[in-house]
Amino acid sequence: MKLINAKLLKKKFLQISLPVVAVLFVVFITVAFTKKTQDFPPPPQLNMFISYGEGEMLVNKNNSGWMPASSMTALVNGDRIRTGRNSRIVLKSPNGNTVRMDGDTELEIGQLNYNDFLIIQNSGRTYNRIINNENISYKLKALNHTISASGADFDVSTNLKANRVNVKVLEGKIDMAIKLEELIEIQKITSGKEITIDPIDVNLIALSDITDEYLNSDLV
């Protein structure tokens, strides 16, 4: 009788303990995975700042309206900045990227992490000097077209009325995702070349050499 009770007790113990062990194992794995993900936090958010400015400089932070900006004004994700006529701003990031804004230009900070940059050029003209680092993704979106660059100097002009974009590459090379209606074409543009994108006159979408007049001007 005692032997039967011992067997029944052992069987009952196993029936109870196995599910408990399974639950404890799941809890252990969950805790370990959570700790592991906590050990690798998302990349820290950076800021760009005005290293030089002249003329009218305005900034819109958190959609709170346009306010005067000044030297060393910091920009983070979602901020917008614009220049007045005959004005100029130079923006810099801690990792060395530089963006120069000419007059009547507006930019929006789309994404600004240590290894992920997205600048949205709503209007005007910029000159971009991007460091060569394969771990850093720099993108500039002008109208519907997106430029990806690393180790390149390039000039981007936007004409909102004509919906036209012109890109000149002075150093290095860029990849440009050109979007016309629902089609996207990837165009590689190398040093010394320029491209004009006009959705009305598709014949303008072709590479050409940058003119000597531009290279010898004070725009570079």
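Given the options 170, 140, 118, 112, name the one that is in contact (Cβ under 8 Å) with a residue 60 or more places away in the chain, among the hydrophobic types (A, V, I, L, M, F, W, C) and within 24 Å of residue 50 (Cβ to Cβ).
Values: 170 fails: in contact (Cβ under 8 Å) with a residue 60 or more places away in the chain; 140 fails: in contact (Cβ under 8 Å) with a residue 60 or more places away in the chain; 118 fails: in contact (Cβ under 8 Å) with a residue 60 or more places away in the chain.
Every option except 112 fails the conditions.
What number of residues in the range 155-185 are touching an Asp or Glu at 6+ places or on another chain (Cβ under 8 Å) and hydrophobic (A, V, I, L, M, F, W, C)?
6
Results for (1) at pLDDT 95 or above; (2) over 20 Å from the mean Cα position of the chain (by Cα); (3) over 21 Å from residue 154 (Cβ atoms), shown as yes or no for each residue.
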position	(1), (2), (3)
45	no, no, yes
59	yes, no, yes
80	yes, no, yes
99	yes, no, no
132	no, no, no
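Kindly indicate whether residue 130 is farther than 24 Å from residue 55 by Cα, touching a Phe, Trp or Tyr at 6+ places or on another chain (Cβ under 7 Å), surrounded by 20 or more Cβ atoms within 10 Å (Cβ to Cβ) and touching a residue at least 24 places away in the same chain (Cβ under 8 Å).
On the way: farther than 24 Å from residue 55 by Cα: yes; touching a Phe, Trp or Tyr at 6+ places or on another chain (Cβ under 7 Å): yes; surrounded by 20 or more Cβ atoms within 10 Å (Cβ to Cβ): yes; touching a residue at least 24 places away in the same chain (Cβ under 8 Å): yes.
When the stated conditions are applied, residue 130 passes them.
Looking only at the range 178-193, decide whether some residue is touching a Pro at 6+ places or on another chain (Cβ under 9 Å), among the hydrophobic types (A, V, I, L, M, F, W, C) and on the phi < 0 side of the Ramachandran plot.
yes
Against the conditions (1) over 17 Å from residue 194 (Cα atoms); (2) in a strand (DSSP E or B), where does residue 147 fall short? Just the number, please.
Only one criterion in (1) over 17 Å from residue 194 (Cα atoms); (2) in a strand (DSSP E or B) is unmet by residue 147, namely (1).
To keep it simple, each residue is scored yes or no on (1) assigned by TED's automatic domain parsing to the domain that holds residue 66; (2) at pLDDT 95 or above; (3) under 24 Å from residue 180 (Cα atoms); (4) out of contact with any helix residue (DSSP H, G or I) (no Cβ under 6 Å at 6 or more places or on another chain).
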site: 84; (1), (2), (3), (4): yes, yes, no, yes
site: 88; (1), (2), (3), (4): yes, yes, no, yes
site: 104; (1), (2), (3), (4): yes, yes, no, yes
site: 108; (1), (2), (3), (4): yes, yes, yes, yes
site: 117; (1), (2), (3), (4): yes, no, yes, yes
site: 121; (1), (2), (3), (4): yes, yes, yes, yes
site: 139; (1), (2), (3), (4): yes, yes, yes, yes
site: 143; (1), (2), (3), (4): yes, no, yes, yes
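Checking residue 170 against (1) under 19 Å from residue 143 (Cα atoms); (2) modelled with pLDDT of 90 or more, only one condition comes out false. Which one?
Result: residue 170 passes all but (1).
Being crowded, with 17+ Cβ neighbours inside 10 Å and either more than 16 Å from residue 117 (Cβ to Cβ) or in contact with a His (Cβ under 7 Å, 6 or more places away or on another chain) (or both): is that true of residue 211 here? Spell out the reasoning first.
Working: crowded, with 17+ Cβ neighbours inside 10 Å: no; either more than 16 Å from residue 117 (Cβ to Cβ) or in contact with a His (Cβ under 7 Å, 6 or more places away or on another chain) (or both): yes.
Criteria not met by residue 211.
The values are calculated or read from the model by the stated rules, or taken from the named source; none is laboratory data. As the structure is a computational prediction, the values presented were derived from the model and not from experiment. A quick note on method: Cβ atoms are made from the backbone with ideal geometry, for glycine too, and the neighbour counts reach across all protein chains shown.
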